[in-house]
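Chemist: Structure incoming, see below.
The values are calculated or read from the model by the stated rules, or taken from the named source; none is laboratory data. Treat the numbers as computed from the prediction; the structure is a model and nothing was measured. Don't worry about glycine lacking a Cβ; one is built from the backbone with ideal geometry, like all the others, and counts go over all protein chains shown.
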Amino acid sequence: MNTTVMEDALDTKALVEYLATHEKKDLLRFLTCGSVDDGKSTLIGRLLYDTKLIFEDQLASIEKDSKKHGTVGDDIDLALLVDGLQAEREQGITIDVAYRFFTTDKRKFIVADTPGHEQYTRNMATGASNSDLAVILIDARKGILTQTRRHSFIVSLLGIKHVVLAVNKIDLMDYSQDVFDKIVADYKAFAADFGFETLQAIPMSARYGDNVLGRSDKLPWYQGPTLVEHLETVQIDQDLSQKPFRLQVQWVNRPDLNFRGFSGTISSGTIRPGDDVLVAKSGKSSRVKAIVTYDGDLAVAAAGQAITLTLEDEIDISRGDVISTTDNRPEVSDQFQARLIWMSEQELIPGRTLLIKIGAKTVSASVTEIKHKTDVNTFADLAAKTLKLNEVALVNIALQEPVAFDPYADNHEMGAFIVIDRVSNLTLGAGMIEHGLRRATNVHWQALDVNKATRAAAKGQKPAVLWFTGLSGAGKSTIANLVEKKLLSLGHHTYLLDGDNVRHGLNKDLGFTDADRVENIRRVAEVSKLMVDAGLVTLVSFISPFRAERQMARELLGENEFIEIYVSTPLDVVEKRDVKGLYVKARAGEIRNFTGIDSPYEAPENPELTLDTTSQTPEQLAEKVVLFMVKNGYLISAPEYQI
Amino acid sequence: MPVTPERMTHLKRLEAEAIFIMREVAAEFKNPVMLYSIGKDSSVMLHLALKAFYPSKPPFPFMHVNTTWKFREMIRFRDETAARLGLNLISHTNQEGVANNVNPFDHGSSVFTNIMKTDALKQALTEHGFDAAFGGARRDEEKSRAKERIFSFRTANHGWDPKNQRPELWNLYNARVKPGESIRVFPISNWTELDIWQYILMENIPIVPLYFAKKRPVVQRGGQWIMVDDDRLPLNPGEVPEMKSVRFRTLGDYPLTAAVESEADTLEAIVAEMLVARTSERSGRLIDHDEAGSMEKKKREGYF
């Protein structure tokens, strides 16, 4: 607000006009960055002072403080206006991001005042994350410093497209055009690849107010805008409403059984009732019924608006889901490549489980690989095994479940994430997604009811039970283990239920009477059925001596889901091997109800496979099992399998 | 009906930001509460909460920490508002402080505020087990608040350590706390006093009548007008309350809140007065004058 408007404001008509103007202003968020002594706080103090936002009592308080801590002699030290915390007031440095507000007749501004110290680079990234423009301060006496390069790099990393190069303290260089021109040329030389859309260099003196708000008569050679003129007029591409529609669902709104809405702020795009939408991750689609707000239903809503959507169909949507239109969907993947800024004293170690918050979704994740870190001063790519505080790297990240996202460059809200420690809950880092890592990324999920078939299809296999039966010591577990390893190496998802192991847990209440043996098999059959339902190739390695129980298991499962494998080894052979020394004990009467000795073993009549351990090695027999599965179409994604 | 989307003016953007923050808190915390101080910022916060969850009601209770020294008109307004909107309103008072007759006169504003406000707030948060508390603080109010996070982490003892706050990037707020720990949330951090008034005007939000000028009984102390709201205010020898047209720029405990002489009895007039005001809002709050850096100190102790 300027003085004339304020004076007129007492006049109601002028006031109403003033308010109407103020109400229509838009908002520009920018950050200021620079080295310790570049005069950043002084510049912001100057902006507040010149735009008449310093009150008399604040001014009186600064005058008092200036005498105590001031660094500019008898003048008022404007930096004291903005250095907030007591500690830094005494140290004369800025140690945290501070937010300042000022307004002119054209725009309202939120300034993130960020520190220049090397160890506080994370704060600069924080300030930059919500800014559309960066004012990079340069001390005219010193020119481009290492920190200037670092700040410019971080500004570009965070995707800021508009930069003001504030060449400050030009008064101390006799308002020299040569000094200014050289600094600008040096800056443009290294910042050429940073993708800035506008770069406005302005010579100024924050201390004396030259070219901050008002034009300076000491700089007649400079024809460009003053800082405030530029901030008021620079065109920031805010047109997120033209981009594809994205709504990150924050909260499911259910006041009663008749209303189910999905509340969130539109990240990008435009939406109208009747538009076809879908949930990115599940692929389920519906149509927008209404755009509900406290101020009434809307005919249209766009990026930036906080709304509640209701849909025509009852589809499953919860917090963290992303609603898009059907014609342009976000990527869905559980792996992506990203730029990561590490913000913690605690090192990043690849492989360690972390939490990642992206949009309204928080998932377990780990950094699988640090591709390289970038030296923020030289911009060189360096190899790295871990990341330390304030380091920046290109990494691959794997998530526990797929999430919907867009590359950060296309959509900041859809491509930004923070990294959280699972135990301490501290925010450890911040990242920007470059792209998804799976080819499957662009093959979208189709809406299907998730069932045995979909789970199995996702794993590229037909789920089945490989039921290994045979005498104790026949080689069932040895072969089953080998088979499982082979299947795993082919990328299949398996599980091995071993008789001895199951008896230590699920079936530890059972003995070896016939009744207990039946119950033992019944339970294992039920468990393997659940596993087949989960889509797994399930290996069961049990003596399972009775035909009836094996038949029961076969009937419990679907057609072609039960593969009976008879591990055939004659009693005299197993007794001679006696790996666990059990036959000796059974013969001595120390173990009762031992299969083959004093409890019968009923060999299968029509097994799918018979494995003769007397003529082939376990390795050969395992190959035989895998080949059987390939031939019979159980392993869908293993056409390359050769014996 | 408009066929093009609404333009996002700065007020619309601030409104959307506050709604986003409120929804995050409602979704991520087990037991949030909105602190309701009855002032104009609280009125705006309440209005934003109504918008954020519509057609649901705000899914959390509202809590007023009552020092027992609030203006009577504030309490009346509070109760009317809660009844009109059907809010779940909790009023908490430090009973120990009441039992010990802690008051601003005998104990001084600093001790009084510490016991009846800061301690009372901590008591109430602990008693109800709230893991998130919305406050209406703004970054433009005071220098130390300019660095406050939107999600301000507090230890199990409700302590605030400026060195140990979580970095806050984009709109990704880290809402994770361990049992006993909590977060103070400031959805209107980025609003200025002018934004608040303009929004009240634009949205026609009810506020306590004390903001409007009216003839009220006041006494002058230390160059500031103090309203004699009830007979608990001890009068100095020879001090006689006089009727003056005054209003309040901030509201709190009446003996600690100075009035300004004013004729502004409409919202427009208040905004006009604000635009030409040359003293900052907080100068009406006597607690800030106690010592340099006093707000920062209070914050470390757990005051908002």
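Chemist: Could you list, in sequence order, the residues of segment B:164-206 that are basic (Lys, Arg) and either under 16 Å from B:Ala49 (Cα atoms) or modelled with pLDDT of 90 or more (or both)?
Modeler: If the condition is that a residue be basic (Lys, Arg) and either under 16 Å from B:Ala49 (Cα atoms) or modelled with pLDDT of 90 or more (or both), then B:Arg176, B:Arg184 are the ones that fit.
Conditions tested, residue by residue: (1) more than 20 Å from A:Leu15 (Cβ to Cβ); (2) surrounded by 13 or more Cβ atoms within 10 Å (Cβ to Cβ).
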site: B:Ile205; (1), (2): no, yes
site: B:Phe212; (1), (2): no, yes
site: B:Asn236; (1), (2): yes, no
site: B:Phe248; (1), (2): yes, yes
site: B:Gly252; (1), (2): yes, yes
site: B:Ser262; (1), (2): no, yes
site: B:Leu267; (1), (2): no, yes
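Chemist: Still on this structure: Within segment B:176-194, how many residues turn out to be within 8 Å of chain A (Cβ to nearest Cβ) and not in a loop (DSSP other than H, G, I, E, B)?
Modeler: The qualifying residues number 1.
Chemist: (1) within 14 Å of chain A (Cβ to nearest Cβ); (2) free of Cβ contacts under 8 Å to residues at least 60 places away in the same chain; (3) crowded, with 21+ Cβ neighbours inside 10 Å: which one isn't true of B:Glu28, the others all being true?
Modeler: (2)
Chemist: Let me ask you something else. Quick one: which residue in A:Glu434, A:Glu391, A:Glu413 is touching a residue at least 12 places away in the same chain (Cβ under 8 Å), over 29 Å from B:Lys178 (Cβ atoms) and not small (Gly, Ala, Ser)? Lay out the reasoning, then the answer.
Modeler: Numbers: A:Glu391 fails: over 29 Å from B:Lys178 (Cβ atoms); A:Glu413 fails: over 29 Å from B:Lys178 (Cβ atoms).
After applying the criteria, what remains is A:Glu434.
Chemist: Sticking with this one: Among the candidates A:Tyr601, A:Tyr566, single out the residue that is out of contact with any helix residue (DSSP H, G or I) (no Cβ under 9 Å at 6 or more places or on another chain), surrounded by 14 or more Cβ atoms within 10 Å (Cβ to Cβ) and at pLDDT 90 or above.
Modeler: Every option except A:Tyr566 fails the conditions.
Chemist: Hey, does segment A:367-388 have a residue that's away from chain B (no Cβ under 14 Å), of a type in the set (Val, Ile, Thr) and over 18 Å from A:Ala338 (Cβ atoms)?
Modeler: Going through segment A:367-388, the residues away from chain B (no Cβ under 14 Å) turn out to be A:367-388.
Then drop every residue that is not of a type in the set (Val, Ile, Thr), which leaves A:367-368, A:370, A:374, A:376, A:378, A:386.
The next check asks that each one be over 18 Å from A:Ala338 (Cβ atoms); those that pass are A:378.
Looking through segment A:367-388, at least one residue is away from chain B (no Cβ under 14 Å), of a type in the set (Val, Ile, Thr) and over 18 Å from A:Ala338 (Cβ atoms).
Chemist: Between a residue in segment A:323-340 that is under 16 Å from A:Gly436 (Cα atoms) and any residue that is of a type in the set (Asp, Glu) and surrounded by 21 or more Cβ atoms within 10 Å (Cβ to Cβ), which pairs come within a Cβ distance under 9 Å, given they are 6 or more apart or on different chains?
Modeler: Going by the 9 Å Cβ cut-off, the qualifying pairs are A:Pro330/A:Asp406; A:Glu331/A:Asp406; A:Leu340/A:Glu391.
Chemist: Residues that are out of contact with any Asp or Glu (no Cβ under 8 Å at 6 or more places or on another chain) and surrounded by fewer than 18 Cβ atoms within 10 Å (Cβ to Cβ): does segment A:382-395 have at least one? Walk me through how you get there before you give the answer.
Modeler: First, the residues of segment A:382-395 that are out of contact with any Asp or Glu (no Cβ under 8 Å at 6 or more places or on another chain): A:383, A:385, A:391-393.
Right, trim to surrounded by fewer than 18 Cβ atoms within 10 Å (Cβ to Cβ) and you get A:383, A:385.
Yes, segment A:382-395 contains at least one residue that is out of contact with any Asp or Glu (no Cβ under 8 Å at 6 or more places or on another chain) and surrounded by fewer than 18 Cβ atoms within 10 Å (Cβ to Cβ).
Chemist: Next question. Which one is nearest to A:Lys388 (Cα to Cα), of the residues in segment A:346-361 that are more than 11 Å from chain B (Cβ to nearest Cβ) and part of a loop (DSSP other than H, G, I, E, B)? Before the answer, list the steps.
Modeler: Going through segment A:346-361, the residues more than 11 Å from chain B (Cβ to nearest Cβ) turn out to be A:346-354.
Then drop every residue that is not part of a loop (DSSP other than H, G, I, E, B), which leaves A:346-347, A:349-353.
On the way: A:Gln346: 7, A:Glu347: 5, A:Ile349: 9, A:Pro350: 12, A:Gly351: 16, A:Arg352: 15, A:Thr353: 17 Å.
Residue satisfying both the conditions and the ranking: A:Glu347.
Chemist: Just the residues that are more than 8 Å from every other protein chain (Cβ to nearest Cβ), within 21 Å of B:Ala175 (Cβ to Cβ) and either of a type in the set (D, E, K, R) or surrounded by 24 or more Cβ atoms within 10 Å (Cβ to Cβ) (or both), please, taken from segment A:249-261.
Modeler: A:Val249
Chemist: Could you say whether any residue in segment B:70-81 is within 14 Å of another protein chain (Cβ to nearest Cβ) and hydrophobic (A, V, I, L, M, F, W, C)? Before the answer, list the steps.
Modeler: So in segment B:70-81, the residues within 14 Å of another protein chain (Cβ to nearest Cβ) come out as none.
Scanning segment B:70-81 turns up no residue that is within 14 Å of another protein chain (Cβ to nearest Cβ) and hydrophobic (A, V, I, L, M, F, W, C).
Chemist: If the Cβ limit is 6 Å and pairs must be 6+ apart or interchain, which residue in segment A:1-29 that is modelled with pLDDT under 50 pairs with which residue that is part of a helix (DSSP H, G or I)?
Modeler: As it stands, the answer is A:Val5/A:Tyr18; A:Met6/B:Leu275; A:Met6/B:Val276; A:Asp8/A:Ala14; A:Ala9/A:Leu15; A:Ala9/A:Tyr18; A:Ala9/B:Ala272; A:Ala9/B:Leu275, since those pairs meet every condition given.
Chemist: Output the helices (runs of 4 or more DSSP H) that fall wholly within segment B:3-85 and possess 1 or more residues being over 15 Å from the mean Cα position of the chain (by Cα), acidic (Asp, Glu) and under 13 Å from B:Ala133 (Cα atoms), or say none. Talk me through it step by step, then tell me what you get.
Modeler: Values: elements: B:10-28, B:40-53, B:72-85.
Of the helices (runs of 4 or more DSSP H) lying wholly inside segment B:3-85, those with at least 1 residues that are over 15 Å from the mean Cα position of the chain (by Cα), acidic (Asp, Glu) and under 13 Å from B:Ala133 (Cα atoms) span B:10-28.
Yes/no per residue for (1) of a type in the set (Asp, Glu); (2) surrounded by fewer than 21 Cβ atoms within 10 Å (Cβ to Cβ); (3) touching a Lys or Arg at 6+ places or on another chain (Cβ under 9 Å); (4) within 19 Å of B:Tyr36 (Cα to Cα):
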{"residue": "B:Gly129", "(1), (2), (3), (4)": "no, yes, yes, yes"}
{"residue": "B:Gly135", "(1), (2), (3), (4)": "no, no, yes, yes"}
{"residue": "B:Arg139", "(1), (2), (3), (4)": "no, no, yes, yes"}
{"residue": "B:Glu142", "(1), (2), (3), (4)": "yes, no, yes, no"}
{"residue": "B:Glu148", "(1), (2), (3), (4)": "yes, no, yes, no"}
{"residue": "B:Pro187", "(1), (2), (3), (4)": "no, no, no, yes"}
{"residue": "B:Trp191", "(1), (2), (3), (4)": "no, no, yes, yes"}
{"residue": "B:Ile196", "(1), (2), (3), (4)": "no, no, yes, yes"}
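Chemist: Separate question: More than 14 Å from chain A (Cβ to nearest Cβ), surrounded by fewer than 18 Cβ atoms within 10 Å (Cβ to Cβ), assigned to a strand (DSSP E or B) and modelled with pLDDT under 90 - does that describe any residue in segment B:219-229?
Modeler: Checked against the condition, which is being more than 14 Å from chain A (Cβ to nearest Cβ), surrounded by fewer than 18 Cβ atoms within 10 Å (Cβ to Cβ), assigned to a strand (DSSP E or B) and modelled with pLDDT under 90, segment B:219-229 yields at least one hit.
Chemist: Quick check: anything in segment A:280-296 at the interface with chain B (Cβ under 10 Å from one of its Cβ atoms) and within 18 Å of A:Met414 (Cβ to Cβ)?
Modeler: The answer is no; no qualifying residue exists.
Chemist: Follow-up. If A:Asp37 satisfies all but one of (1) of a type outside the set (A, V, I, L, M); (2) in contact with a strand residue (DSSP E or B) (Cβ under 7 Å, 6 or more places away or on another chain); (3) at pLDDT 75 or above, what's the number of the condition it fails?
Modeler: Every condition holds for A:Asp37 apart from (3).
Chemist: Now, a different point. Under 9 Å between Cβ atoms, which residue pairs at least 6 apart in sequence (or on different chains) link something in segment A:572-599 that is in the same structural domain as A:Phe546 (by TED's automatic domain parsing) with a partner that is exposed (fewer than 12 other Cβ atoms within 10 Å of the Cβ)?
Modeler: A:Val573/A:Thr614; A:Tyr583/A:Lys576; A:Val584/A:Glu590; A:Asp598/A:Gly589
Chemist: Being farther than 25 Å from B:Met274 by Cβ and crowded, with 19+ Cβ neighbours inside 10 Å is the filter here; which residues of segment B:67-89 pass it?
Modeler: B:Thr67, B:Trp69, B:Leu87
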